[in-house]
């Protein structure tokens, strides 16, 4: 009886926490179907104003170009980050020595430096290099992150070194070992890293706001921020824009949630 009560309390607690976690998404979806006045009132019932909100959103902002830019920047940034960070993490572990361990410690210390502290020097460097309003300027500051390097390094620790030695004896090159043996084995780690990197790149606001000065280079987070400017705000269109901006990251997470959990815990198959 005591065990049943304990289980009931646990499932009740988990149910309440789950509902609280899902509620903001539900409210966002509901607000996208209601008028601005109803959103302000806190209406929790779906309305019939979705089409009108979508038309207003298209008239207020360039949703198509912003969505295209966000996908382009996020995909390029994700692919580049996965390649660079996995190579770095693999190299730090497989070819590690005291010097590389010291470099890795410095890289980890860089995690404690806020981006706002380096934003102005970065802007001056990119302005001098004529990389403003460019895809390269968008992705370079985030192409290599200490967290992803550390995650790939931890995953490389579970990679059997005997296999590497056997591959070297068979004549396989170091690049071949990485792409033909390490890469397929660490699929779950790559999935977790891809999820994290894509979400960070998609939701990135501060750096694109600084470096993307052309209206044609606007991203979805920048577009949503622009919707709040002015004397009045159409909250129905605003919440619809937030909903559209949220859909890609939700899809990516649900498609890769199993591999994401395995990658974060360091599981290797």
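Relative to the longest principal axis of the Cα atoms of the chain, the long axis of helix 146-157 makes an angle of roughly 40 degrees.
By the helix-only formula, in which each DSSP H run with n ≥ 4 contributes -39500 (n - 2.57) and the sum is divided by residues, the chain has a 222 nm mean residue ellipticity of -23000 deg cm²/dmol.
Our estimate of slack between residue 68 and residue 119, defined as 0.36 nm per intervening residue step minus the Cα-Cα distance, is 15.8 nm.
Label positions at residue 98 and residue 261, each projected 7 Å from the Cα along the C-beta direction, are separated by 4.4 nm.
Taking the longest Cα principal axis of the chain as reference, the axis of helix 187-203 is set at about 40 degrees. Compared with the dominant Cα axis of the chain, that is its longest principal axis, helix 115-128 is turned about 80°. Calculate the FRET efficiency for residue 29 and residue 87 from the Cβ-Cβ distance with a Förster distance of 30 Å, rounded to the nearest 0.05. It comes out at approximately 0.15. If R0 is 30 Å, the Cβ-Cβ spacing of residue 232 and residue 10 corresponds to a FRET efficiency of close to 0.05.
Each peptide in 16-23, 127-134 receives the mean, over its residues, of other Cβ atoms within 10 Å, and ordering these scores from highest gives 127-134, 16-23. Taking 51 Å as R0, compute the FRET efficiency from the Cβ-Cβ separation of residue 45 and residue 106 and round it to 0.05. For residue 45 and residue 106, the calculated efficiency is 0.40. For labels at residue 21 and residue 134 in the simple 7 Å Cα→Cβ model, what's the distance in nm? So the two model labels end up 4.2 nm from each other.
Values quoted throughout were computed directly from the atomic coordinates according to the rules given, and no laboratory measurement underlies them. Computed from a predicted model, the values in this text were never measured in an experiment. For neighbour counting, all protein chains shown are included, and Cβ atoms are generated from backbone atoms with ideal geometry for every residue, glycine included.
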